[in-house]
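Taking it in order: structure first as structure tokens, then the write-up.
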Amino acid sequence: MPTPALELKNITKRFGHKVVANKNVSLTLNHGEVLAILGENGCGKTTLMNMVAGIYYPDDGRIFINGHEAVIRSPRDAFEHGIGMIHQHFKLVDIFTAAENVVLGVHAGKKDNLKDVNSRVSEIAAKYGFSIDPKKKIYDMSVSEKQTVEIIKVLYRGADILILDEPTAVLTLQEIKRLFEILRRMAADGKSIIIITHKLNEVMEVSDRVTVMRKGENVGVVNTAETSEAELTNMMVGRQISLNIKRSEPVDPKPRIIVEHLDYTNPEGVKILKDVSFTARGGEMLGIAGIAGSGQREMLECIAGLIRPQTGTITFINPKENKPVTFFHKKISQVRRLAAQGKFHYPDGTRVSLKGMSRKSVRKLVRDEQILFDENEIMPLRDKTPLEIRELGVKLSFVPEDRLGMGLVGSIGIADNMMLRSYRKGRGVFVNRSKPKKLGQTLIKKLGIITPSIRTPVRRLSGGNVQKVLVGREISSSPKVLMAAYPVRGLDINSSYLIYNLLDEQKCTGTAVIFVGEDLDVLMGLCDRIMVINSGRITGTVDARTADKETLGYLMTKTQGDKADGSN
Amino acid sequence: MEATKDRVKEPLMWITKRDGMNPVFIWLIRVLAFVCGMLACGLIAFALIEQLRDEPSRITEFYKCFIDGVVKNDDMKWTFAKDVAILLCISVALTPAFRMRFWNTGAEGQTLVGVLAAVGVNFYLGEPYARSHVADARLLAPMLVAALLAGALWALIPALFKAKWNTNETLFTLMMNYVAIHLVSFCLAEWVPNGSNTISINDDMPTLFNGLAAVAKKNHKYSNYLTIILTVLAVTVLIYIYIKYTKHGYELNVVGESLRTAQYVGIKVKKVIIRTMLLSGMLCGLAGFLIGGVLDCTVNTESVGGQGFTGIMVAWLASFNPLIMILTSAIITFLNHGASQISTAFDISGALPNVMIGVVLFFVIGSEFFINYKLNFRKHAREVRA
């Protein structure tokens, strides 16, 4: 048996006391092969490879390179052992050219003439079939070009073992195809390649062997030729998962939020949303598909009142009366203010003046509908702050993409996070913590949130538990509109299904659910309608029950003058 | 495969983050660090003080100075408690701002304008004889109001700029200190044309609160001290409650933790910044009133004496918990007093004791590293077997 290029023996890595990212992982990489490391998000794939690349140091276990034990304390050590890693987030200097980035950090002793570097880079590119201009600046490059620079960078340093962390996440289908061809060519040239991924089809397409990881452990190695997607899925999740997401029939779908002609240009002057119009209906789940960064986040934030669109209207339909929100809340001060502006009238049409009336009598007038808010005075939600939207009586919940940076406060416990939305309730200057605490306890029980205590800072909880806290809180206020952006990102299968079910339950209670997702299978299995956003434009809305991936893919990627690009 | 004889080198040590250490251990580490710091001071003293090298037995005297600094006599005890109170007041004043992650480095200036305002009211409105002597009891209320307003104004200016244009508050508040210092110089030049640059010191303060005088053994001076101590303790508790249990306190914590979260839940961030800084400045103004109105009714550029900066450290050491600040401000004052005792006892320059304070703090602050991180050491080099 030939000596393997890389061998890991019983590697263990812990973070803090509780988190064991890798547990006794052993792994073998042969010369000239493409090995895929397959596993769900958060199963320890990247951590393991980071130890090979010198980013982390293992707590236990040994690493052998070409049969010799190696100690890798830094990325430089890794390079000296011929290991190069291409990280998910590129580490390039924007204002340098491709060639300058390639030589950056190479040992000072052997200073390279930039001209030689340029030709070397071109040489490497030609050898494996990259297309790259060595003199091009990074900021002028597309994501795929940047990735090429990263790969050439490690090849230039003579790496024989290449590790690619989720290399396809940012690429288009065509670019993926080309990358795979290059990987095959490099393997044929004798390089050993590890590709980290959670996408089955890619594993089947490019790899020779597959190592499957689950919860920080290596659960098995198979030859790609002798396995199937079904077998790999089983290994990945540990048991047969039913691919059926519960999808109830829509409940009395009537328009709930009407968005018309929304345009949004961000502070940097980039047009993010272009003439977005759609209707979300109560009792129905509207899926939003699109390449990451096509304007999904901004669209939701416009509706939630966090950012202000330049043009367009957002109207909320009051489910009780089934007409646009005009005015149906009970704040007396606001009634007085609007009445002073002449926006109330008696049934006979005369204007209302509330001067000199007591709170009690004003409340009675409103309650008994003796005075009416002008029909044509629709209260649009555009230009309203989140607080004003709430004061209008619009029950809108929002599960943002950035859970700890926006939805929750990381340094405080579950109980205190529960009252983020509701702390203003009640008179007086003191916050009332008893209700939030009860709500927190209920959620912990109901959603199976794993936490040492209700006071443990939520930052310390795992991603899935953090998300349960957030979704749980947003649902607890029995919203009429529930918006969720990538609510299952980074979650394991079980937590994901729990979230799907919670969203479906909300739909059944008549809530309009807007679900921004990235996995088309999930969108097709969970939603009622799927709307596709492409570079800030709505390119189509399809029935999720009859939709097919090709149509959606086409809607997501078809160009309309300006190019779809998920890069930054 | 052949066996190699190379000894494989693990790194000598590496660092990992730790989480959720037992609080008992945390305090044990801190106490240990403090003791180590004190011991290191002893070593430095040996190295630098000649008398000690000549008579090593005097080392006990060296350490006794620290104790003396606090409990030598009644005067020492009262002064110690008063100094703790003033420092505590400034630290507590900083707390709401720091909790909001608004790095207010301007406590020195905010306190100083408080002193200036209090003394200024007395100067312009007081009886002619009082102009340069004592605080008129009837003027105490206007003096207090003036000091609070002045402190609030000094904090409001950077807060407005932060809220409106997101200027850097650290630099802004820091620069405001110098404006305050020069403002004091200017006023002194106006008020005291003889150029002594100080309104004359008053030794004979009237009893402000007669009832307290009885408690403080009928000593007039101590009754003022007692006023200060009780006021500051009350403020400390109130601010603790404000931060922990009120809606305002909750809001400023959220703003400090994440602006985006604050916006997401509809907190008016600008309003919170301005409100919190007004409070912070007002409390600095209160400290200024205690210094300028209750303590000695005098003002000069050194009236606050750097306590505005020391207060930052006190607040930080207490991780912005007002109740723990009682302890941390006591420790800092303890070191200060001990150091000045040493400087008299051994007849050395005042700079050396400051070095010692620095050394102790270095140990105490450095110990936080061991609370947050764990050092792993190489167990032993292993023989490689293939």
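In segment A:24-35, which residues are assigned to a loop (DSSP other than H, G, I, E, B) and of a type outside the set (D, E, K, R)?
Selection gives A:N30, A:H31, A:G32.
Could you pull out the residue among B:A189, B:A234, B:A213 that is surrounded by fewer than 18 Cβ atoms within 10 Å (Cβ to Cβ), of a type outside the set (D, E, K, R) and modelled with pLDDT under 90?
When all the criteria are applied, what remains is B:A189.
Can you find even one residue in segment A:221-232 that is surrounded by fewer than 18 Cβ atoms within 10 Å (Cβ to Cβ), aliphatic (A, V, I, L, M), within 21 Å of A:M49 (Cα to Cα) and at pLDDT below 90?
No, every residue in segment A:221-232 fails to be surrounded by fewer than 18 Cβ atoms within 10 Å (Cβ to Cβ), aliphatic (A, V, I, L, M), within 21 Å of A:M49 (Cα to Cα) and at pLDDT below 90.
Given segment B:1-112, what helices (runs of 4 or more DSSP H) lie entirely inside it while holding 1 or more residues that are modelled with pLDDT of 85 or more, of a type in the set (K, R) and out of contact with any Pro (no Cβ under 9 Å at 6 or more places or on another chain)?
Helices (runs of 4 or more DSSP H) meeting the threshold: B:23-48, B:59-71, B:74-99.
I'd like the full set of residues that are more than 7 Å from chain B (Cβ to nearest Cβ) and of a type in the set (S, T, N, Q), limited to segment A:399-439.
Listed by number, the residues that qualify are A:N417, A:S422, A:N432, A:S434.
Mind listing just one residue for me: the one in segment A:486-529 that is within 17 Å of A:V251 (Cα to Cα), buried (at least 22 other Cβ atoms within 10 Å of the Cβ) and among the β-branched types (V, I, T) and, of those, modelled with the lowest pLDDT?
A:T511
May I ask you to list pairs of residues, at least six apart or on different chains, whose Cβ atoms are under 6 Å apart, with the first in segment A:334-354 being in the same structural domain as A:D368 (by TED's automatic domain parsing) and the second being acidic (D, E)?
A:K343/A:D374; A:K343/A:E377
Might you check whether a residue that is charged (D, E, K, R) and closer than 21 Å to A:I307 by Cβ occurs anywhere in segment A:429-447?
Scanning segment A:429-447, I find no residue that is charged (D, E, K, R) and closer than 21 Å to A:I307 by Cβ, so the answer is no.
Are any of the residues in segment A:362-377 under 30 Å from A:S496 (Cα atoms), part of a loop (DSSP other than H, G, I, E, B) and either more than 40 Å from the chain's Cα centre (by Cα) or within 11 Å of another protein chain (Cβ to nearest Cβ) (or both)?
no
For every residue, the table says whether it meets (1) over 24 Å from A:E474 (Cα atoms); (2) within 13 Å of another protein chain (Cβ to nearest Cβ); (3) surrounded by fewer than 21 Cβ atoms within 10 Å (Cβ to Cβ).
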residue: B:L238; (1), (2), (3): yes, yes, yes
residue: B:K268; (1), (2), (3): no, yes, yes
residue: B:I273; (1), (2), (3): yes, no, no
residue: B:M277; (1), (2), (3): yes, no, no
residue: B:G281; (1), (2), (3): yes, no, no
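Matching residues to (1) touching a Phe, Trp or Tyr at 6+ places or on another chain (Cβ under 6 Å); (2) small (G, A, S); (3) surrounded by fewer than 20 Cβ atoms within 10 Å (Cβ to Cβ); (4) closer than 23 Å to A:G54 by Cα:
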| residue | (1), (2), (3), (4) |
| --- | --- |
| A:I152 | no, no, no, yes |
| A:E175 | no, no, yes, no |
| A:E181 | no, no, yes, no |
| A:R185 | yes, no, yes, no |
| A:A188 | no, yes, yes, no |
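B:G311 fails exactly one of the following numbered conditions: (1) surrounded by fewer than 18 Cβ atoms within 10 Å (Cβ to Cβ); (2) modelled with pLDDT of 90 or more. What is the number of that condition?
(1)
What number of residues within segment A:195-226 satisfy the criterion of being touching a strand residue (DSSP E or B) at 6+ places or on another chain (Cβ under 7 Å) and either at negative phi or hydroxyl-bearing (S, T, Y) (or both)?
Adding up the residues that qualify gives 20.
Go through segment A:440-469 and give me each residue that's surrounded by 15 or more Cβ atoms within 10 Å (Cβ to Cβ), assigned to a loop (DSSP other than H, G, I, E, B) and more than 14 Å from chain B (Cβ to nearest Cβ).
Correct list: A:I449, A:I454.
Quick one: in segment A:36-53, which of the residues that are under 19 Å from B:I15 (Cβ atoms) and either at pLDDT 90 or above or not in a helix (DSSP H, G or I) (or both) is nearest to the chain's Cα centre (by Cα)?
A:N50
Mind checking which residues of segment A:54-80 are part of a loop (DSSP other than H, G, I, E, B), under 35 Å from the mean Cα position of the chain (by Cα) and touching a residue at least 40 places away in the same chain (Cβ under 8 Å)?
A:Y56, A:P58, A:D59 - these are the residues of segment A:54-80 that are part of a loop (DSSP other than H, G, I, E, B), under 35 Å from the mean Cα position of the chain (by Cα) and touching a residue at least 40 places away in the same chain (Cβ under 8 Å).
May I ask you to list the residues in segment B:252-263 that are free of Cβ contacts under 8 Å to residues at least 40 places away in the same chain, more than 8 Å from chain A (Cβ to nearest Cβ) and either surrounded by 21 or more Cβ atoms within 10 Å (Cβ to Cβ) or more than 18 Å from B:I274 (Cβ to Cβ) (or both)?
Correct list: B:A262 only.
Output yes when any residue across segment A:425-445 is touching a Lys or Arg at 6+ places or on another chain (Cβ under 9 Å), at pLDDT below 85 and at negative phi, and no when none is.
yes
Kindly check whether there is at least one residue in segment B:341-363 that is hydroxyl-bearing (S, T, Y) and touching a residue at least 24 places away in the same chain (Cβ under 8 Å).
No, because not a single residue in segment B:341-363 is hydroxyl-bearing (S, T, Y) and touching a residue at least 24 places away in the same chain (Cβ under 8 Å).
Would it be correct to say that A:A78 is surrounded by 23 or more Cβ atoms within 10 Å (Cβ to Cβ), touching a Ser or Thr at 6+ places or on another chain (Cβ under 6 Å) and aliphatic (A, V, I, L, M)?
Spelling it out, it is not the case that A:A78 is surrounded by 23 or more Cβ atoms within 10 Å (Cβ to Cβ), touching a Ser or Thr at 6+ places or on another chain (Cβ under 6 Å) and aliphatic (A, V, I, L, M).
The values are calculated or read from the model by the stated rules, or taken from the named source; none is laboratory data. Nothing here was measured: the structure is a model prediction, and the numbers come from that model. When we count neighbours, we look across all protein chains shown, and the Cβ atoms used for this are built from the backbone with ideal geometry, even at glycine.
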